[in-house]
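J.: My questions will all concern the structure given below.
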Amino acid sequence: MHKRQFLKHVSLLGTASLMGGIHLAATSPKKIPAAAFALPVLPYGYEALEPSIDRLTMQVHHGKHHQAYTDKLNAAITGTKYEGMSIENILKTIPASESEIRNHGGGYYNHALFWKWLTPDGGGQPSGKLAETIAAQFGSFGAFRERFSEAASKQFGSGWA
Ligand SMILES: [Fe+2]
């Protein structure tokens, strides 16, 4: 093929693609759903939570665990009625019998919440209504922390209490 012919073909391909006549993504061997879930970008660096949570722990939970939940959730919802739904709606409506989507969706959502709730500027005791409620329910923040840590250490999995 001569250079002029090649440029003509490329130009036609681009025009056809713009007109919607060719869908290159549809022929891709690794089709990604239109509304696929993505691994959220951390709002801080992997080392930002040290010394409470070290860099390696963050890398494993974000780059491996959360990425695996994301990939498996996307694969599980492809071609189902859940494709295109928000993660909140999936988890609100999915029956326990659909355990693959439910488990991967739960792992995806739990990790996403975790990244939002953690902050390098956190720590200290709560204030306002939360502090009042904790005091009313547990007697003091220290007593709450003790009970919470005890419950988390007995919980199977990632320490959710
Ligand atoms: Fe994790």
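J.: Can you find a residue in the stretch 74-94 that is under 21 Å from Ala36 (Cβ atoms) and within 13 Å of the ligand (Cβ to nearest atom)?
T.: no
Conditions tested, residue by residue: (1) at pLDDT 95 or above; (2) on the phi > 0 side of the Ramachandran plot; (3) surrounded by fewer than 17 Cβ atoms within 10 Å (Cβ to Cβ).
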site	(1), (2), (3)
Ala34	no, no, yes
Pro40	yes, no, yes
Glu47	yes, no, yes
Pro51	no, no, yes
Val60	yes, no, yes
Ala68	yes, no, yes
Lys72	yes, no, no
Ala76	yes, no, no
Glu83	no, no, yes
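J.: Of the numbered conditions (1) more than 18 Å from Ala68 (Cα to Cα); (2) without any contact (Cβ under 8 Å) to a residue 60 or more places away in the chain, Leu113 satisfies every one except a single condition; which is it?
T.: It is condition (1) that Leu113 fails.
J.: Of the numbered conditions (1) free of Cβ contacts under 8 Å to residues at least 40 places away in the same chain; (2) over 21 Å from Ala68 (Cα atoms); (3) assigned by TED's automatic domain parsing to the domain that holds Arg55, Gly128 fails exactly one; give the number of that condition.
T.: (3)
J.: Need a quick list: helices (runs of 4 or more DSSP H) entirely within the stretch 98-161 having at least 3 residues that are more than 28 Å from Asp54 (Cα to Cα).
T.: Working: elements: 99-117, 128-138, 141-153.
By residue number, 99-117, 128-138.
J.: Which count do you get for residues in the stretch 45-85 that are over 15 Å from the mean Cα position of the chain (by Cα), under 19 Å from Leu113 (Cα atoms) and in a helix (DSSP H, G or I)?
T.: Of the residues in that region, 2 qualify.
The values are calculated or read from the model by the stated rules, or taken from the named source; none is laboratory data. Please read these numbers as outputs of a predicted model, since none were measured by experiment. Here Cβ is always computed from backbone atoms with ideal geometry, including for glycine, and neighbour counts include all displayed protein chains.
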